[in-house]
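The values are calculated or read from the model by the stated rules, or taken from the named source; none is laboratory data. It should be emphasised that the depicted structure is a prediction, and the values quoted were computed from it without experimental measurement. Counting neighbours? That spans all protein chains shown, and the Cβs are built from the backbone with ideal geometry, glycine included. Just the protein is used for accessible areas: all its heavy atoms, side chains included, with ligands, DNA and RNA removed. Shrake-Rupley method; radii C 1.70, N 1.55, O 1.52, S 1.80 Å.
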Amino acid sequence: MAEYLDLVPLSGIIRIRDMMYAVDRPFRLDQGDVSFDAPATVKGALLRAIDDNRSHYVQTTGIPPLQALIAGKLRAKNGVPVDHPDEVMVTTGGIHGLFVVCQALFEPGDEVLVSDPTWPPAAGNIAAARAVPVPYPLHASRGWRPDVDELARLVTPRTRALYVNTPHNPTGGVLSRADLQALADFARAHDLWVLSDESYEDVIYEGHEHVSLASLPGMYPKTIPIYTFSKTYAMTGLRLGYVAVHDAVMRDRIRKLLFFTVSNTSSLIQFGGIGALEGSQDVVAAFRTELAARRDLFYRGVAEAAGGLLTGTPPPGAFYAFLKVDPAWRSPLGTGGSLSWAMAEFLIKQARIGCVPGADFGAHGEGYVRFCFARGREELTGALAAMKQVLSVRV
């Protein structure tokens, strides 16, 4: 039996999800899912693929038209120097991309530097590859950005790679070009691979820019950027992602893993991806504009509804509010231990508001709670009204 998997924790997000299924008329601010529907270009492409009977096996690493479109997007938009479409590997969502990369790259006992807080499946996929996630802190005082000197103190002879996520889940922090250059210099100095999670590349506000780490001089050969259609095109349930891999040996390994896990990513969904990339990109800007409005609505509402028990500043990226819980707050439910879990369970049980305890994202997330503000305005205002009702009296 694969007993090592018993030591890989299942994200607390699953526990929260199970709790929410038992809640009547819930406000689902726990899930990282937008309320938008996929663009008409995607739906139209899916329907055409069905009519054209595109329901058979296709190439393991992706259908060539989609690979070519992604390669062009990576060069033009991300500045990643992809030489050939074969460097693009299509996956069943971003999480599948992360899985195959970790399985292809790590040996048992390898150490991987992972941001703390972090998206739980990042550390989970590293551990599932029998490597060791080593957390490096992100600091709220620095806009949830790392201190490279702290990373250097964590390096050992077993350190193999660095995981970077910007825009960041759960905090919404965005790394500047200077930040990424410092991380690139650090990775080169220690001969590390870099896993660059860019799932939220298009969810960025107020003039901030998204910089792909693989676009920096000399970084692409040992940097594997990981992308998804989920956030940009509201395709979360369709499960479509991709990675770009310069190294031929790594591509051969990943090809095997893709075949062993899915044979090929759904043929129909890949044609939907073609529709997303070939269609007008105006919808991406429209989504971003509306997300910014929902973010501001939510933060204004929290300032009124939470009475200072939940505080934070609007993030420059992603679509999460990572709010600090007043350390003096105590749950009326009498739960002890983790403050972030106590607040999350209180809001779920007393206000029907789904949220995720910061502790689930790492030790540096303790004392925070994550809300998704990508839900519809009616759902957000309903959650804020319920929050005001239960947090209006200090305990």
Residues of the stretch 50-91 with amide nitrogen under 20 Å from the 7 Å Cα-to-Cβ point of residue 181? 78-81
Taking all protein chains as present, what is the carbon and sulfur share of the accessible area of the stretch 279-340, in % to the nearest whole number, probe 1.4 Å? 57
Dividing the mean separation of Cα pairs under 8 Å (6+ apart) by the residue count of the stretch 118-206 yields a relative contact order in percent of 29
Full extension between residue 311 and residue 40 adds, at 0.36 nm per residue less the Cα distance, a length in nm of 93.8 nm
In the chain, which longest range has no GluC sites (Glu not before Pro) that are both DSSP loop (not H, G, I, E or B) and surrounded by at most 15 other Cβ atoms within 10 Å? 1-205
I'd like the FRET efficiency for residue 5 and residue 261, computed as 1/(1 + (r/R0)^6) with the beta carbon distance as r and R0 of 22 Å, rounded to 0.05. 0.90
Mind checking the dipole of the chain: about its Cα centre, +1 per Lys or Arg Cβ, -1 per Asp or Glu Cβ, Debye to the nearest 20? 600
Taking 0.36 nm per residue of separation and subtracting the Cα-Cα distance, what length does fully extending residue 76 through residue 290 add? 74.5 nm
Two-site label geometry, residue 25 and residue 158: point separation in nm, points 7 Å out along Cα→Cβ: 5.3
Accessible solvent surface per residue of the stretch 201-276, calculated while the other protein chains remain in place, 1.4 angstrom probe, Å²: 34
Under the Karplus relation with 6.51, -1.76 and 1.60 and θ = phi - 60°, whole-Hz ³J(HN,Hα) for the stretch 87-97, x at Gly and Pro, equal 6, 8, 10, 7, 10, 8, x, x, 5, 5, x
Run through the DSSP bridge list for the stretch 38-172 and note the antiparallel percent, rounded to the nearest 5. 15
Express as a percent, rounded to the nearest 5, the fraction of DSSP beta bridges in the chain (both residues included) that run antiparallel. 50
